[in-house]
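**Q** Once you've had a glance at the structure underneath, I'll fire off some questions.
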Amino acid sequence: MLWYYLPIAKLKAFYYRITYLKDIGGFFMSQVCDICGKRPLYGHNVSHSHKKTLRRWEPSLRKIRVEDKGKIKVVKVCNKCVKAGKAKRAV
């Protein structure tokens, strides 16, 4: 779908979303679990008057040292993977 087929209101909303995501790091920050691939979710804050503003829910990540093929490296892992034992800490 080409941009000139979109109504002006949708174009403004699309442009707002792109610039907002750039401001909060949506395209540049890597908030992804290296094991399960969990990433940020996007949605709206909804006020009492139902005015919607964009927001982003971050996964709960922590950096841990793991041993991979005999080498120790630091990876970002979500807490769910750590609790499930999918990531073995290096000693």
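The values are calculated or read from the model by the stated rules, or taken from the named source; none is laboratory data. Nothing here was measured: the structure is a model prediction, and the numbers come from that model. A quick note on method: Cβ atoms are made from the backbone with ideal geometry, for glycine too, and the neighbour counts reach across all protein chains shown.
**Q** Could you list, in sequence order, the residues of region 34-58 that are surrounded by 14 or more Cβ atoms within 10 Å (Cβ to Cβ) and either modelled with pLDDT of 95 or more or of a type in the set (A, V, I, L, M) (or both)?
**A** Result: Ile35, Leu54.
**Q** All but one of (1) over 22 Å from the mean Cα position of the chain (by Cα); (2) surrounded by 12 or more Cβ atoms within 10 Å (Cβ to Cβ); (3) at pLDDT below 85; (4) not hydroxyl-bearing (Ser, Thr, Tyr) hold for Leu2, so report the exception by its number.
**A** (2)
**Q** Could you run through region 64-91 and say how many residues are without any contact (Cβ under 8 Å) to a residue 24 or more places away in the chain and surrounded by 10 or more Cβ atoms within 10 Å (Cβ to Cβ)? Steps first, please.
**A** Here is the first cut: in region 64-91, the ones without any contact (Cβ under 8 Å) to a residue 24 or more places away in the chain are 67-74, 79, 82-85, 88, 91.
If we keep only those that are surrounded by 10 or more Cβ atoms within 10 Å (Cβ to Cβ) too, we end up with 67-68, 72-74, 79, 82, 84, 88.
Residues flagged as without any contact (Cβ under 8 Å) to a residue 24 or more places away in the chain and surrounded by 10 or more Cβ atoms within 10 Å (Cβ to Cβ) within region 64-91 amount to 9.
**Q** While we're looking at this one, here's another question. For region 70-91, enumerate the residues that are more than 17 Å from Gln31 (Cβ to Cβ) and hydrophobic (A, V, I, L, M, F, W, C).
**A** Of the residues in region 70-91, the ones more than 17 Å from Gln31 (Cβ to Cβ) are 70-73, 83-86, 88-91.
The answer is Ile72, Ala84, Ala90, Val91.
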